[in-house]
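Okay, so here's the structure we're looking at.
The values are calculated or read from the model by the stated rules, or taken from the named source; none is laboratory data. Treat the numbers as computed from the prediction; the structure is a model and nothing was measured. So basically every Cβ, Gly included, is an ideal-geometry build from the backbone, and we count neighbours across all protein chains shown.
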Protein chains: 2
Amino acid sequence: MPSTRQFDPTFTPSVVNGMGPNTPERARVVLGSLIKHIHDFAREVELTSAEWMLGVEFINSIGQISTPIRNEGHRICDVIGLESLVDEIANKIITEDGISPTSNVILGPFWSPNAPFRALGDSIIQDPKPNGRVTFMHGAVKDMETGKPIVGAVLDIWQASSNGQYDFQDPTQTDNNLRGKFRTNEKGEFNWYCYHPTPYSLPTDGPAGVLLNLMDRSPMRPAHIHLMITHPEYATVINQIYPSDDPHLEIDSVFAVKDDLVVDFKPKTDDPKASLDLEYNVKMALKKHHPNPNSAPPVSSFERHAKAAKEAQAKAAMGKL
Amino acid sequence: MPSTRQFDPTFTPSVVNGMGPNTPERARVVLGSLIKHIHDFAREVELTSAEWMLGVEFINSIGQISTPIRNEGHRICDVIGLESLVDEIANKIITEDGISPTSNVILGPFWSPNAPFRALGDSIIQDPKPNGRVTFMHGAVKDMETGKPIVGAVLDIWQASSNGQYDFQDPTQTDNNLRGKFRTNEKGEFNWYCYHPTPYSLPTDGPAGVLLNLMDRSPMRPAHIHLMITHPEYATVINQIYPSDDPHLEIDSVFAVKDDLVVDFKPKTDDPKASLDLEYNVKMALKKHHPNPNSAPPVSSFERHAKAAKEAQAKAAMGKL
């Protein structure tokens, strides 16, 4: 619905060209494009003063509710699909022959760089919950072109507990509950025990809730298990896998469901430790196929969490003196 | 610098079309356009994960430093020219014959709806400063088409003191220092005493400072006096006037200088109360010429300030019980 009115065509260039000679070149490109698009948006919808001021107060409210363990700015980006898009830009791989590895999707705010290594066959369930459904998850990691097994790939898995909360959101969980790193064996295989994942709602008591409500959208995420799969010679795969019978696959509030990430949990009767079985196989691409081999490593909320925890600890220690 | 890579063309429509049937129509238009432009921006510059996360932390920092008397979200919009653009969209008037009234520019965050009415010839200087240069300001308000005087127009004036601070930023100033409302007489004329304005810097200890520094731009605003001129039959004029010898006219950090708002302060020798003379005349347009006659009234930081002041008062009163 582009506007039919004419506005001063020199205004946006004057703002962009206001950047001085010491602006780093990449900042000039990124901010120039951002300013141009924000101006184009405002002209296109003929944004009113009142609507603009609503936007200002909305932006202010994002930081005001954020804490070291609540990154509302990150969440808003997820709700408008921006993290998903940035992931596509950074990580989409397709060869000239049309071959792609297992899909990447968004990292989300709950990855921790400190998950412990565990032995194949171990469980990541440190704090069992009565309603958790234990799953034996297993599969192999292979080269997407040759089909050869990838030995020594590291699978870093993390998931929310059956209450929909991750360890550092929930005081009843111990550190690294439902987190673990596993290394593939000489056949490229892996296996462990985890939970069938539980769908959960994004927090709706802040700006993301306001926005989702205005857009008449569900705050639910389909149940999922997070994975980060790394190997020195291969492009990292960061994704999430979803039970095929989850009712929220089509309405994921953060746009992170892709067809090849939907999996079938099956009943398991031959293992006293698990009631469900999940086979999941991963295809990786050699690093040469990655569009941004030098792109920065993933960024996590963990540093924010660790800093806050350290400060709280220091405060408590001071109290004891 | 548009990207040459191809990305999934169905992704952005899937996000926009994720809005449910109960989304208000205007919200659908505004948010749909905003999401499309943000996605286009990310694809155009191939935004990296690290750059996106910098942006997330920047957005979070805006709200974290904001208070009832510091609206950093508003300030960031000013720095990228958005408030100036929204003002153009809302208020630009030009007739078919090419006639325009006195220019509008941004309201800024320091207008108060509660400035007192004062008599013509009065001074708005309640708290004199030794280095303030008193100015006798006078002129007339006329219809832009007929040139006839507009009787009973209200001129609401506000300005920073000689230290660059407005009353509610500065505990040494009394409420409504350097604020006042005046009504034009039967000849459409007005006059009062005020200060020659002082240039000042935007606060640079927050996100606006980070952004201006990255863009290698000055945080300075040229010296200015704010005016809001209203009359029941005419489109409101909200603007700022600037001394012609101010060195910051070309580098205003909020893009609010327009040619017809640059004025000449002249020495005055016949008035013991003032050392400078400023003649300033205003042309107004009948409301029928305004593109958005029903647009919302200006929004001010004052409500935020008043609310905080009331809460502080209540707290103090509780303390006395």
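Kindly provide the set of residues from the range A:79-107 that are more than 10 Å from chain B (Cβ to nearest Cβ), within 15 Å of the chain's Cα centre (by Cα) and surrounded by 23 or more Cβ atoms within 10 Å (Cβ to Cβ), ordered by number.
Answer for the range A:79-107, where residues must be more than 10 Å from chain B (Cβ to nearest Cβ), within 15 Å of the chain's Cα centre (by Cα) and surrounded by 23 or more Cβ atoms within 10 Å (Cβ to Cβ): A:ASN104, A:VAL105.
Suppose we filter the range A:13-45 for residues that are out of contact with any His (no Cβ under 8 Å at 6 or more places or on another chain), in contact (Cβ under 8 Å) with a residue 12 or more places away in the chain and more than 18 Å from B:LYS36 (Cβ to Cβ); how many remain?
Going through the range A:13-45 one residue at a time, the tally reaches 4.
For the range A:108-146, name all the residues that are surrounded by fewer than 19 Cβ atoms within 10 Å (Cβ to Cβ), outside any loop (DSSP other than H, G, I, E, B) and either touching a helix residue (DSSP H, G or I) at 6+ places or on another chain (Cβ under 9 Å) or polar (S, T, N, Q) (or both).
A:SER123
Taking into account only those residues within the range B:15-39 that are of a type in the set (S, T, N, Q) and within 7 Å of another protein chain (Cβ to nearest Cβ), which is surrounded by the fewest Cβ atoms within 10 Å (Cβ to Cβ)?
Across the range B:15-39, the extreme among qualifying residues is B:ASN22.
Does A:PHE58 count as over 27 Å from B:GLY18 (Cβ atoms) and aromatic (Phe, Trp, Tyr)?
Considered against the rule, which asks whether it is over 27 Å from B:GLY18 (Cβ atoms) and aromatic (Phe, Trp, Tyr), A:PHE58 comes out as no.
Does the range B:40-54 contain any residue that is surrounded by fewer than 18 Cβ atoms within 10 Å (Cβ to Cβ) and more than 8 Å from chain A (Cβ to nearest Cβ)?
Scanning the range B:40-54, I find at least one residue that is surrounded by fewer than 18 Cβ atoms within 10 Å (Cβ to Cβ) and more than 8 Å from chain A (Cβ to nearest Cβ), so the answer is yes.
Within the range B:59-70, restricting attention to residues that are within 7 Å of chain A (Cβ to nearest Cβ) and touching a residue at least 12 places away in the same chain (Cβ under 8 Å), which residue is nearest to A:PRO9 (Cα to Cα)?
The selected residue is B:ILE62.
Answer with yes or no whether A:PRO207 is farther than 29 Å from A:SER100 by Cα and crowded, with 23+ Cβ neighbours inside 10 Å.
Spelling it out, A:PRO207 is indeed farther than 29 Å from A:SER100 by Cα and crowded, with 23+ Cβ neighbours inside 10 Å.
If B:PRO149 satisfies all but one of (1) buried (at least 17 other Cβ atoms within 10 Å of the Cβ); (2) touching a Gly at 6+ places or on another chain (Cβ under 6 Å); (3) modelled with pLDDT of 95 or more, what's the number of the condition it fails?
The single condition B:PRO149 does not satisfy is (1).
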